[in-house]
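Enquirer: Mind having a look at this structure? Questions to follow.
The values are calculated or read from the model by the stated rules, or taken from the named source; none is laboratory data. Since this is a predicted model, take the numbers as computed values, not measurements. Cβ coordinates were reconstructed from backbone atoms using ideal geometry, including for glycine residues, and neighbour counts include every protein chain displayed.
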Amino acid sequence: MSRGFLVAVLSLLPFVAVAAPVPKFKESPARKLVRLFGDPTLPDDTCKAELRDDALRLTGGADEHVWHAGAGGMKVPFTSREVAGDFTATVTVRAVDLPETGSVTGVAGLLVLKDAETALDHSLYLTGDRATASRRGWLRAVAAGNQVSTKEDQNAAFADDAVRLKVQRAGTTVTAFVAGVGKAWTEIDRFEMDLDKTAKVGLFVAHTGGSFTAEFRDFTVTTK
């Protein structure tokens, strides 16, 4: 068989292109944190946002971090992502690393934010040490810099080690729910809020009396 004949025969065969392997890039912890929980905002270097086994640990350090309504009031560590239109946000939260003695007041939960003057927070509120901390719910709405509603809630779910929180937005109505892990949701309250079409939704901690860390798992935001 001549070389020319062989070349002619091979030229009639279908050409198969072999693509180069696509390199796989390992996702950095910082990028994964943003994907799962939103962009972190840390007011100072005593605060931390850390990813551990797909859970977010958000810490307010030795300095107090208290959310005061009004301009410049969001001086607490939080994460957020922009969400357009109606949505449902859920998360499981628990307090960790409480002191063995002394008393810390810590607040940790969901945040819906137009700006520092118009927001809602739905959270676990505890006071005490590792063994004796009292636990309850805290729900607050702030409009145009004024605290329009606050509510402490004694739902039994808040007494558990971990509690599930949910916030729904439907137009101008924002509704808060609570549940124990694996249990049905209970509506806590609802508010009319002047939110933009796009609002920020995320997680936060606030505290006084010492360092405070909360762990957040299974944060989901679904839109309609």
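Enquirer: Checking the conditions here, which among 110, 139 is within 14 Å of residue 176 (Cα to Cα), touching a His at 6+ places or on another chain (Cβ under 7 Å) and modelled with pLDDT of 95 or more?
Expert: Details: 139 fails: modelled with pLDDT of 95 or more.
None of the others qualify; the one that does is 110.
Enquirer: Which of the following residues is over 15 Å from residue 90 (Cβ atoms) and modelled with pLDDT of 95 or more: 213, 132?
Expert: So the residue among 213, 132 that is over 15 Å from residue 90 (Cβ atoms) and modelled with pLDDT of 95 or more is 213.
Enquirer: Let me ask something additional. I'm checking my understanding of the structure. Among residues of segment 28-62 that are among the β-branched types (Val, Ile, Thr) and assigned to a strand (DSSP E or B), which one is modelled with the highest pLDDT?
Expert: Ranking the qualifying residues of segment 28-62, first place goes to 59.
Enquirer: Kindly indicate whether residue 101 is at pLDDT 95 or above, in contact with an Asp or Glu (Cβ under 9 Å, 6 or more places away or on another chain), under 27 Å from residue 210 (Cβ atoms) and not aliphatic (A, V, I, L, M).
Expert: In short, no.
Enquirer: A further question on this structure: List the residue pairs whose Cβ atoms are under 9 Å apart, where the first residue sits in segment 143-161 and is under 19 Å from residue 132 (Cβ atoms) and in contact (Cβ under 8 Å) with a residue 40 or more places away in the chain, the second is β-branched (Val, Ile, Thr) and outside any strand (DSSP E or B), and the two are 6 or more positions apart or on different chains.
Expert: Pairs that qualify, where the first residue is under 19 Å from residue 132 (Cβ atoms) and in contact (Cβ under 8 Å) with a residue 40 or more places away in the chain and the partner is β-branched (Val, Ile, Thr) and outside any strand (DSSP E or B), are 161/181.
Enquirer: Kindly indicate whether any position in segment 101-109 is without any contact (Cβ under 8 Å) to a residue 12 or more places away in the chain and either under 18 Å from residue 207 (Cα atoms) or in contact with a Pro (Cβ under 8 Å, 6 or more places away or on another chain) (or both).
Expert: No, segment 101-109 has no match at all.
Condition check ((1) among the aromatic types (Phe, Trp, Tyr); (2) in contact (Cβ under 8 Å) with a residue 60 or more places away in the chain) across all residues:
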| position | (1), (2) |
| --- | --- |
| 47 | no, no |
| 50 | no, no |
| 59 | no, yes |
| 67 | yes, yes |
| 81 | no, yes |
| 87 | yes, yes |
| 92 | no, yes |
| 97 | no, yes |
